[in-house]
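The values are calculated or read from the model by the stated rules, or taken from the named source; none is laboratory data. What you see is a predicted model; the values in this text were computed from it and never measured. Here the Cβ positions follow ideal geometry from the backbone for every residue, glycine too, while neighbour counts run over all protein chains shown. Remember, those area values only see protein heavy atoms, side chains included, never the ligands or the DNA or RNA. Shrake-Rupley method; radii C 1.70, N 1.55, O 1.52, S 1.80 Å.
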Amino acid sequence: MMHKLDATPETTVDVFSAEQPPVLTIDPGDTLTVHSLDASGYLSPQTTPGEQQPRMFDQARGHCLTGPIAVRGAQPGDVLAIRLVSLTPDPWGWTVAGALKSPITERLGVTDQPAWLLWDLDPDAGTGRCNGGFTRDLAPFLGVIGVAPESGGEHSTIPPRAVGGGNIDCKSLVAGSTLYLPVAVADAMLSLGDGHAAQGDGEVGGTAIECPMTTTLTVDLVREPRPIETIHAETPDGLITFGFDADLNVATGDALDAMVRWMQALLDVGKSTALALASTAVDLRVTQVANQTWGVHALLPAGVLA
């Protein structure tokens, strides 16, 4: 079955919640084409840097997401397999740094000194050009793909979560990737958005090239055991595992431990051997520093071990 879902007042949310009524119910294996607004929910592009255009939510609490989408039959203990078929930015985007107080902006001394970049995006050519005259190639992905947390009530979209995902901000989750998300509540209640036309690892200024996005994805349900129980992905870059925590050491350890266990299953070796092989092949990367919780991912590049 094919579905189309546009971003409207009736189909957008700015929190994760199992109690939010679904805007669409799909069956496992269905394909969706979903339009999402940029993270701030702007209804039209800025014409001058920092201009405050109308937004979907006057008092936004988090990212403007499209959803939630119920996946019929999904239960806690299942895993969603989300295959990203295509991601197409709208023709505009923006980036800001220094607008909010954070450990990074304080460390660099740019708090309350915002710099805005407004981008003209050409999805067909795969390039973007900003008001400073700089041009870069696009590599679109969604910053937020997540399901509702187990506990009741409303949950912020800002920190990523080891169960349920959310604001992962991993630039490798481009078209051709499959993201595996553990399900925490009945019907999963999937929401997505926070389109990024391009981003560096870390999202160091707090934003990427923020843009509306049209995403085609297939959502399937995995009931047989996966090699690891936490969030992980198969991407064109290679296999990826994640760690999220307020402590960078914990986030790093979680991402690496998951990768080593995945390599044990793939290569049929013990944990020490898997770690030794990881030391020759796995890249540890800071996924993001912008979301109140450190994100780290471990990447086993495609084809690196034969």
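Taking the charge dipole of the chain about its Cα centre, with +1 at Lys and Arg Cβ atoms and -1 at Asp and Glu Cβ atoms, the residue from LEU24, THR8, LEU221 reaching farthest to the positive side is LEU221. With the convex hull of the Cα atoms taken as the outline of region 232-301, the averaged projected area works out to 4.4 nm².
The order of the peptides 180-191, 119-130 by mean Cβ neighbours within 10 Å, most packed first, is 180-191, 119-130. Here region 61-119 and region 233-306 have alpha carbon centers that stand 22 Å from each other. Solvent-accessible surface of region 43-182, averaged per residue with a 1.4 angstrom probe and all protein chains in place: 47 square angstrom.
Peptides 5-18, 67-80 ordered by packing proxy, namely the average of other Cβ atoms within 10 Å per residue, highest first: 67-80, 5-18. Roughly to the nearest percent, how much of the accessible area of the chain is carbon and sulfur, given a 1.4 Å probe? Its accessible area is 53 percent carbon and sulfur atoms.
Beta bridges per DSSP, both residues in the chain: antiparallel share near 90 percent. Selection among CYS130, ALA255, THR88 by position relative to the dipole of the chain gives ALA255 as farthest towards the positive end (Cβ unit charges, Cα centre).
Packing around the peptides 233-243, 157-167, 218-228, taken as the average count of other Cβ atoms within 10 Å per residue, puts them in this order, highest first: 157-167, 233-243, 218-228. Note on region 1-72: semi-axes of the ellipsoid equivalent to its C-alpha gyration tensor, largest first and rounded to whole Å, are 26, 14, 8.
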